2 protein chains.
Amino acid sequence: MRKGFLQLTAVAEFEAIIARCERITATEVVSTADAVGRTPAADVISPGDLPEFPRSTVDGFAVINSDTHGASESIPLYLDLADDIPVGTKAERPLKSGEAARVVTGGMIPEGADAVVMIEHADLVDEETLEVRRAAARLENLALVGEDVARGAAIVPAGRPLGPFDIGALMGLGILEIEVFKRPAVTVFSTGAEVVEPAQTPAPGKVRDINKYAVAAGVTQAGGVPSLLPTIGDDLDLLTDTIGRSVQNSDMVILSGGSSVGGMDFTEEAINDSGRPGVLVHGLAVKPGKPTIFGMVGDVPVIGLPGHPAGALVIFTIFIAPLIRRIGGNRNAGPFARSISAQITRNIAGSPGKHVYVPAALEFGAPDRPPRAIPILGKSGAVSILTKSDGIIVIDPMREGIEAGTIVEVYLYKTL
Amino acid sequence: MRKGFLQLTAVAEFEAIIARCERITATEVVSTADAVGRTPAADVISPGDLPEFPRSTVDGFAVINSDTHGASESIPLYLDLADDIPVGTKAERPLKSGEAARVVTGGMIPEGADAVVMIEHADLVDEETLEVRRAAARLENLALVGEDVARGAAIVPAGRPLGPFDIGALMGLGILEIEVFKRPAVTVFSTGAEVVEPAQTPAPGKVRDINKYAVAAGVTQAGGVPSLLPTIGDDLDLLTDTIGRSVQNSDMVILSGGSSVGGMDFTEEAINDSGRPGVLVHGLAVKPGKPTIFGMVGDVPVIGLPGHPAGALVIFTIFIAPLIRRIGGNRNAGPFARSISAQITRNIAGSPGKHVYVPAALEFGAPDRPPRAIPILGKSGAVSILTKSDGIIVIDPMREGIEAGTIVEVYLYKTL
């Protein structure tokens, strides 16, 4: 144990250091139907046209638009009903001038037709004669071949996680498999002689592991696959060896604990001994979360989170989860992608020279009003602060505080 | 095919009808470590105290606070260093007046001590003598037994999906298993003679299924388990039979297609023939998505989505996904839980008497500015409108439109 005067790194500089990490996972081919939330590794190019045939977008009558010119409610026109084309069938017979063909929404339009009169604007006078009461414009109420998606067009871009509709569109084009980035493999473990597994009853002075499981769950939420290792006590050689082996088969290594300066020195030494460039950041100008270590072994980030659960999860949420998403190929990965605007319910104080992270609970009222963000204050290291909160409010270093009633962003660490 | 003059249901009334659905899934016991995102079926009560022993929250020296009264930088006081308590070990020796014991963050505090002096405010003069340069207040820098979480306190409430930190807190209390609501089982299929499976090459006039796969992916995102059935063509008996069997083993049934009035009649008849109360809504005052059917067979919602992919997914996102989350036990389920505030980039028009849903793409700029919401306009039924968008902007029936520059909520249907 020695006194801790660290050279702190400002948040902007930390973000710049993280941004230099260029690692990205390999790719794999998965079934499109199961790919929601996965991130395409390349732009997906349409192998065909959508629609594949000229389709009506309404229930009505396919016509040649010039045949309907002048039609109105007071002066209707009359066309021969030449065909009836049920949905799902081919329109066999080309349309001639003076003719109409019955069509339905999504159904095929006969060759020669260039507009559809909606059923509301036409009536069958008898089985062969259609009264048309409104003029149709060219291409009205129909979709041409490839008008929606043209053969060769990019349907979904690389680097953006697939939503439900993307899945539908890909299936609709017959794309049954898709190349996506693999989920990042993240090794997670705790350090510290006091930490025991949750299944054990801790001896006096010892505590059950919190951080390993909280971080692993956060890795899962960020789209990664956590791999949990046993806790490492005060054993520098084992720590160095574990980091060295983990960086061989992981996209990221996250350890926590060693929040005291002595523990941090230990972690710093082990990361530096594992490979270059080693430790890049040792102490952040933030509160909580100051005793954070960020290093790289080759292109694999190795992160030492604070032992305090609150500090560990705040740093994970704000900085590390977005990096996991980015390593997993998401080009839009930033903490802002998971924030919600809310009105803060009380004054909260900043801290000079530091980014301050204040856990807050969200309370929803009327749908047309912003939710309320209720700051949850409490002692450093308390577990209950975070179980009671939904996300984090950020106060920048130059701000003395935030007044009650201000609209703030809350960076979520749970799905609501 | 007949003309479609429906009695439309307003959104507020539709929401009230949906709210009357009281179905909720059964519960199951799962491993806590794998339970992120799952919803507890009951408040989880702490079986023990956290911390389990009085802990220091800093590196420093445990003292009896009254021994330090009057200590300052200019007039330090001196105490006997009586013990050194490493982290993870029991403090065996009670502290007497005039004594101090070295402690570390997270370490145990000896009996008798009631405050901790931070290492920054004390120095060892020799191996046995501590110089204290600041008075400690009672309970300063320590956490009492049960101060964070008391035995018998509710740690996480029923009905709120578990976040990463909840998982950590539960594990830290030795709660290795947890009772959660089962994921809702949702049967999904399409109807329509024109619809073929994506693996097939559609004959002229036919189209590959889009909606079944888009909706299934949406069900997965909403925490449900989709179960896909083969498409049903123009066969009322088969449709009725399928709905009747599906409501026996599902928490919800979603079919799509039959967007024309004839198709809707078919779906309505099949739902009504399957059981009571049957169809409750047939046509919504919305755009797109008007030809929506909502019914209940017993307490199982049966939903007929429009055949148009855009209408189907909009209705699913705004109304059905929140209902899936609610059936899965999430008490906070509303579309607002997945919305983001953004600045709209162009004027968009409303429609008298209807809720209008406009797909929009989000574009992120500076983190401290709201993202831009770019309305994606296009023909009804187009697939590309939704693949290019991230969510939906809502214009209420009394609003003629929304001006460029306005801050709006975008209801997301994908994770960004």
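The values are calculated or read from the model by the stated rules, or taken from the named source; none is laboratory data. This structure is a prediction, so every number in the text was calculated from the model and none was measured. Note that we place each Cβ from the backbone using ideal geometry, even for glycine, and neighbour counts take in every protein chain shown.
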Residues satisfying the stated conditions in segment A:37-47, i.e. within 19 Å of residue B:212 (Cα to Cα) and at pLDDT 95 or above = A:38
Counting only residues that are basic (Lys, Arg), give me the strands (runs of 3 or more DSSP E) lying completely in segment A:340-416 with at least 1 of them.
-> A:372-375
Would you mind stating whether residue A:93 is in contact (Cβ under 8 Å) with a residue 12 or more places away in the chain and among the basic types (Lys, Arg)?
-> yes
Within segment B:7-15, can one find any residue that is of a type in the set (Asp, Glu), farther than 30 Å from residue B:167 by Cβ and over 23 Å from the mean Cα position of the chain (by Cα)?
-> yes
Do the conditions hold for residue B:227, that is, is it under 30 Å from residue A:161 (Cα atoms), surrounded by fewer than 18 Cβ atoms within 10 Å (Cβ to Cβ) and either assigned by TED's automatic domain parsing to the domain that holds residue B:195 or in contact with a Leu (Cβ under 9 Å, 6 or more places away or on another chain) (or both)?
-> yes
Looking across segment B:187-201 at residues that are modelled with pLDDT of 95 or more and at the interface with chain A (Cβ under 7 Å from one of its Cβ atoms), the single one that is surrounded by the fewest Cβ atoms within 10 Å (Cβ to Cβ) is B:199
How many residues are buried (at least 24 other Cβ atoms within 10 Å of the Cβ) and in contact with a strand residue (DSSP E or B) (Cβ under 7 Å, 6 or more places away or on another chain) if we restrict to segment B:157-172?
-> 6
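Okay, residues lined up against (1) touching a strand residue (DSSP E or B) at 6+ places or on another chain (Cβ under 9 Å); (2) surrounded by 14 or more Cβ atoms within 10 Å (Cβ to Cβ); (3) within 23 Å of residue B:178 (Cα to Cα); (4) not assigned by TED's automatic domain parsing to the domain that holds residue B:234:
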| residue | (1), (2), (3), (4) |
| --- | --- |
| B:20 | yes, no, no, no |
| B:36 | no, yes, yes, yes |
| B:69 | yes, no, no, yes |
| B:91 | yes, yes, no, yes |
| B:108 | yes, yes, no, yes |
What pairs come up if the first residue lies in segment A:361-386 and is assigned by TED's automatic domain parsing to the domain that holds residue A:347 and at pLDDT 85 or above, the second is basic (Lys, Arg) and buried (at least 18 other Cβ atoms within 10 Å of the Cβ), and their beta carbons are under 8 Å apart, counting only those six or more places apart or on different chains?
-> A:361/A:388; A:376/A:388
Residue in segment B:56-63 that is assigned to a loop (DSSP other than H, G, I, E, B), surrounded by 14 or more Cβ atoms within 10 Å (Cβ to Cβ), modelled with pLDDT of 95 or more and not assigned by TED's automatic domain parsing to the domain that holds residue B:251 present = no
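Yes or no, residue by residue, for (1) farther than 22 Å from residue A:313 by Cα; (2) at pLDDT 95 or above:
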position: B:143; (1), (2): no, no
position: B:147; (1), (2): no, no
position: B:154; (1), (2): no, no
position: B:158; (1), (2): yes, yes
position: B:161; (1), (2): no, no
position: B:164; (1), (2): no, no
position: B:171; (1), (2): no, yes
Inside segment B:1-19, can you point out the residues that are at pLDDT below 95 and part of a loop (DSSP other than H, G, I, E, B)?
-> B:1, B:2, B:3, B:4, B:5, B:6, B:7, B:8
